[in-house]
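Below is one structure, written out as structure tokens, with a few remarks after it.
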Amino acid sequence: MSLAAGDNPPAMQRCDLPFLASYPASTLEQVRALIARGELGAYLARRHPQRHDVRNDGALYEHAMALKQRHLRNAPLLAKVRYDNRLQVDQRALGTLTAVSRVQGGQLKAKKEIRVAAVFKDAPADMLQMIVVHELAHLKEREHDKAFYALCEHMLPDYHQVEFDTRLYLTWRVLEAAANVTQVTPPNADKP
Ligand SMILES: [Zn+2]
């Protein structure tokens, strides 16, 4: 159960905006226009100015538990919450909720564990919260259905907009990284 970039892998591979593959074509056109005008970074900075201090796994666990206590007190226990560097490499999964089964005292016990892509260590505060909220909601709702998204919106009003903006943010980071590579390798750099 992961927050993936799209439910249609073949379409995603063709798409120039892989994080946004599940959005309508008209929306993607608007995003391309924003990128073409060079305004994506400014849009994100304006809408999501607040950073967060959740820098390590301990702080991330506290952050998730505080949300769970406030909104999902009766949901199953959460054994672990941590950042995962490998999720950063596989850009389709932004967060996961897994049940790790262990035999304890002769009984099989499933321990729930949330992993958040390490890229969210320096993302805006509400984007980190969106990922945590998404995975917490899976403690109660398995599918991405109406009940699931209602729970997400309950924990984070404006959930859908923040998820969309998070996908814009990930797109922007890839574009910025590509631009920086171009800058540090100027044309004819290897010629005397
Ligand atoms: Zn999910």
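Since every read-out is calculated from the coordinates, none of them should be taken as a lab result. Note that the structure is predicted; figures quoted are calculated from it, not measured. A quick note on method: Cβ atoms are made from the backbone with ideal geometry, for glycine too, and the neighbour counts reach across all protein chains shown.
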Karplus (6.51, -1.76, 1.60) ³J(HN,Hα), θ = phi - 60°, over segment 144-159, in Hz, Gly and Pro reported as x
8, 10, 4, 4, 4, 6, 5, 5, 4, 5, 5, 7, 9, x, 6, 3
Packing-based exposure ordering (other Cβ within 10 Å, fewest first) of Val103, Val116:
Val103, Val116
What list of ³J(HN,Hα) values in whole Hz, one per residue of segment 121-130 in order, does the Karplus curve 6.51 cos²θ - 1.76 cosθ + 1.60 (θ = phi - 60°) give from phi, with Gly and Pro shown as x?
4, 10, 8, x, 4, 6, 6, 4, 4, 4
Using θ = phi - 60° and the Karplus form 6.51 cos²θ - 1.76 cosθ + 1.60, what ³J(HN,Hα) does each residue of segment 69-83 get, whole Hz, x for Gly and Pro?
4, 6, 10, 9, 3, 9, 6, x, 4, 10, 7, 8, 9, 8, 6
State the extension gain, in nm to one decimal, for the chain segment bounded by Phe148 and Val181, taking 0.36 nm per residue of separation less the distance between their alpha-carbons.
7.9 nm
Could you check the simple spin-label distance between Asn74 and Lys111, using points 7 Å along Cα→Cβ, in nm with one decimal?
2.7
Kindly give Rg over Rh for segment 9-177, based on alpha-carbon atoms, with the Kirkwood expression for the hydrodynamic radius.
0.99
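Taking neighbour Cβ counts within 10 Å as the exposure measure, how do Asp53, Asp84 sort from fewest upward?
Asp53, Asp84
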If each residue's Cβ is checked for other Cβ atoms within 10 Å, how do Thr166, Thr182, Thr96 rank with the fewest at the top?
Thr182, Thr96, Thr166
Cross-link reach from Lys140 to aspartates and glutamates, straight Cα distance under 17 Å and at least 8 residues apart if same chain, gives Glu113, Glu153
